[in-house]
Amino acid sequence: MGIRLGSTVINCADLDTMTRFWCAALDLVPSSTGPGDDFRVLYGERVNLSLQRALTPVTARDQMHLDLYTDDQEGEVARLTALGARPVDVTDDPEDDYVILADPESNLFCVCAKPTEVVAGRG
């Protein structure tokens, strides 16, 4: 199968506090710690965890979502849609290409265009 779990994404208000906590808790290393960051991947030997700045107050329903990585975004979106997912939103920003889908119970997840070699190199 050409799709894999890339990371679980936690929506949060304070990126720096959450970065310190999760890096210490799971022995992770942040992709960056820039003051203007809105998104960070925290890398580990066996797991990635991503933090995303929430622009609105976070509720239990939108606290976390999965990022699925694939070399074949268009094919996987079509496959997942055929399985019962529905499209919610698309971005084709060259630096952050993803499609937001909802599963059959409306839980959101992203299908990210991430080639295997980029993921292996922590890109």
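The values are calculated or read from the model by the stated rules, or taken from the named source; none is laboratory data. These numbers were taken from a predicted model, which means no experiment stands behind them. As a convention, Cβ positions derive from the backbone with ideal geometry for all residues, glycine included, and neighbour counts pool all protein chains shown. Calculation scope for accessible area: heavy atoms of the full protein, side chains included, ligands and nucleic acids excluded. Shrake-Rupley method; radii C 1.70, N 1.55, O 1.52, S 1.80 Å.
Take the residues in the stretch 1-25 that are under 19 Å from Tyr69 (Cβ atoms) and not in a strand (DSSP E or B), then tell me which one is nearest to the chain's Cα centre (by Cα).
Of everything passing the filter in the stretch 1-25, Gly2 is nearest to the chain's Cα centre (by Cα).
Would you be able to say whether some residue in the stretch 46-67 is among the basic types (Lys, Arg), touching a residue at least 12 places away in the same chain (Cβ under 8 Å) and open to solvent by less than 30 Å² (accessible area, probe 1.4 Å)?
no
Is there any pair linking a residue in the stretch 16-28 that is in contact (Cβ under 8 Å) with a residue 12 or more places away in the chain to one that is surrounded by 14 or more Cβ atoms within 10 Å (Cβ to Cβ) and in a helix (DSSP H, G or I), with Cβ under 7 Å and at least six apart or on different chains, and which?
Listed pairs, sorted by first residue: Leu28/Trp22.
Could you list, in sequence order, the residues of the stretch 68-93 that are part of a strand (DSSP E or B) and open to solvent by 50 Å² or more (accessible area, probe 1.4 Å)?
Residues satisfying the conditions are Arg86, Pro87, Val88, Asp89, Val90, Asp92, Asp93.
Identify all residues within the stretch 94-107 that are in a strand (DSSP E or B) and under 16 Å from Ser50 (Cβ atoms); write none if there are none.
Answer for the stretch 94-107, where residues must be in a strand (DSSP E or B) and under 16 Å from Ser50 (Cβ atoms): Asp96, Asp97, Tyr98, Ile100.
Return yes or no: is Arg40 more than 11 Å from the chain's Cα centre (by Cα) and either surrounded by 11 or more Cβ atoms within 10 Å (Cβ to Cβ) or in a loop (DSSP other than H, G, I, E, B) (or both)?
Here the answer is no, as Arg40 does not meet what is asked.
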